RNA sequence: GGAGAGGUGGCCGAGCGGUUGAUGGCUCCGGUCUUGAAAACCGGCAUACCCGAAAGGGUAUCGGGGGUUCGAAUCCCUCCCUCUCCGCCA
């Protein structure tokens, strides 16, 4: 969320930011000025009436104390009460309207984010690794997986419908191996603390990371969660939604807290399944396990001082890249354009892995700097040391380190052999019981 | 799920209808003292919003919401959370 005072003072900039993101400023910002004015007017009138009530009430107290009659004042206050209730209602309604408006405004993009109209304008800033040359026609992962008997999409559909997967045998173990390998690397080598958070969160948490109110349709919710209420700006702490990413529970760990500066930066890594409704993605990526309602992911989350977030963003992105490098998977780093950068993010790098079976690069990680945008929504602050010592919002960052399902399929496609087996990258072998390949069981 | 106890400022902890944003202690910040530090002493220290050029003023906030009252941290209702005991359970 942007700061109200900031939006008021920089309306032009906010509007430009919306245009850069290819969003509609009229729709999102339409009555900001008017709503803001009406809200302030209503608040001022309400507070003036309350002040009068408080003064009169004080006088009643004084009269009662000295044993004098206070009936006249009491009656006057009674009249005031109705007036206050009306003013309060109107002030609240303008206040809610403005807050909802504010909460739907995306983060301000960094200057270095390339201008663009779509993902086609994303900028490749780096390429790593050599694409393997095959002496046979490389297959897509769904063919390799089904043939090896380690991926069963048909039975998954029977169990749960489209966009689910069942991993079998070495396939299941490979998923688990990848999770362990990634967590080990991030905790041992990159200095992250491992977290195992709940896989369900309340709507307050989803507001904190920016998933609500705008993206309710992307989420799976439990029977106690009310999407309608969330769209009105009501966020509960006792309802349940399935997490779309570990970013939500992990970022919200410090919601409504003040951190000691000496603790920063804080780096967490978490493995969780992720649940996404994928509304609006109908017909997209229907083959294989590219786009699932449930997938596993190892996430990286950082909390930093404002002045450190850019450096930490680079570092976090490197931490994710090192997983790909350790696995020997060719990838490229892409700086997302203004149109493709997510709602809460000020700047995002995507890592795209090479998939020879489909002859394309595919997103496998997304690493973002959110500035104070999430911290403001979730009220996550730190106390700077020194004479000023006033709490300030931290900066939050996160990135996939990596999406496990997509890593799984990248290994199948990149390491497939002519005989249908899949060679395992050296570094994974200890996690796979010492075997060096996945082959069809005889 | 049932019974009981409790949720107060960065932390601990008083207050249990009347100028209480809230006693006190700790932490933190500034100062005195000291060669320096510690100790001691003095002073300062919540947040958001509204009005105001500013100085300053106002409103709200004692887990959340609602109610009673001229007036609520204090009384009532309700929800949430924590702790203890019982039950159930992977």
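Each reported figure results from applying straightforward, stated rules to the coordinates on display, with no laboratory input. On a predicted model such as this, the values are computed, not experimentally measured, just so you know. Reconstructed Cβ throughout: ideal geometry from the backbone, glycine too, with neighbour counts over all protein chains shown.
Considering the Cα trace of the stretch A:50-127, what is its radius of gyration and what is Dmax, both in angstroms?
27.5, 86
In nm, give the distance between the simple-model label positions of residue A:419 and residue A:194, each being 7 Å from the Cα along the Cα-to-Cβ direction.
3.5
Between residue A:147 and residue A:314, how many nm apart are label points set 7 Å from Cα along the C-beta direction?
Going by the 7 Å Cα→Cβ label model, 4.4 nm.
R0 = 51 Å: FRET efficiency of residue A:429 with residue A:226, Cβ-based, nearest 0.05?
In this case the efficiency is close to 0.55.
Express in whole angstrom the spacing between the alpha-carbon centres of the stretch A:383-442 and the stretch A:123-198.
If we compute the Cα centre of each part, the gap is 8 Å.
Kirkwood Rh, the stretch A:1-151, all Cα pairs: how many Å?
Evaluated on the stretch A:1-151, it is 21.7 Å.
I'm checking a number: the convex hull volume of the Cα atoms of chain A, normalised per residue, in Å³. What is it?
In chain A, the Cα hull volume divided by residue count equals 177 Å³.
Ordered by packing density, taken as the mean number of other Cβ atoms within 10 Å over each peptide's residues, highest first, how do A:91-103, A:248-260, A:122-134 rank?
A:248-260, A:91-103, A:122-134
Give me the distance between the Cα centres of the stretch A:347-372 and the stretch A:41-98, rounded to whole Å.
When both Cα centres are located, 57 Å separates them.
Going by a ≥ b ≥ c, the root eigenvalues of the Cα gyration tensor, does the stretch A:157-281 fall in the rounded group (a/c under 1.5), the prolate group (a/b larger than b/c) or the oblate group?
Oblate shape, in that a/c is at least 1.5 and b/c is the bigger or equal ratio.
I'd like the orientation of helix A:170-184 relative to chain A: the angle between its Cα long axis and the longest Cα principal axis, in ° from 0 to 90, rounded to 10.
Roughly 60 degrees between the two axes.
Report the antiparallel proportion of the DSSP beta bridges in chain A as a percent, rounded to a multiple of 5.
Antiparallel: roughly 90 percent of the beta bridges in chain A.
Counting alpha carbon pairs within less than 8 Å and at least 6 residues apart, what relative contact order, in whole percent, applies to the stretch A:32-87?
44
Given contacts defined as C-alpha pairs under 8 Å and at least six residues apart, what's the relative contact order of the stretch A:95-248, whole-number percent?
Worked out over the stretch A:95-248, it gives 18 percent.
Give me the percent relative contact order of chain A, please, defined on Cα pairs under 8 angstrom at least 6 residues apart.
That works out to 20 percent.
Using only Cα atoms, tell me the angle between helix A:309-326 and the longest principal axis of chain A; keep it within 0 to 90° and round to the nearest 10.
20
On full extension of the chain, what length is gained from residue A:180 through residue A:68, given 0.36 nm per residue of separation minus the C-alpha to C-alpha distance?
Going from the current span to full extension adds 32.5 nm.
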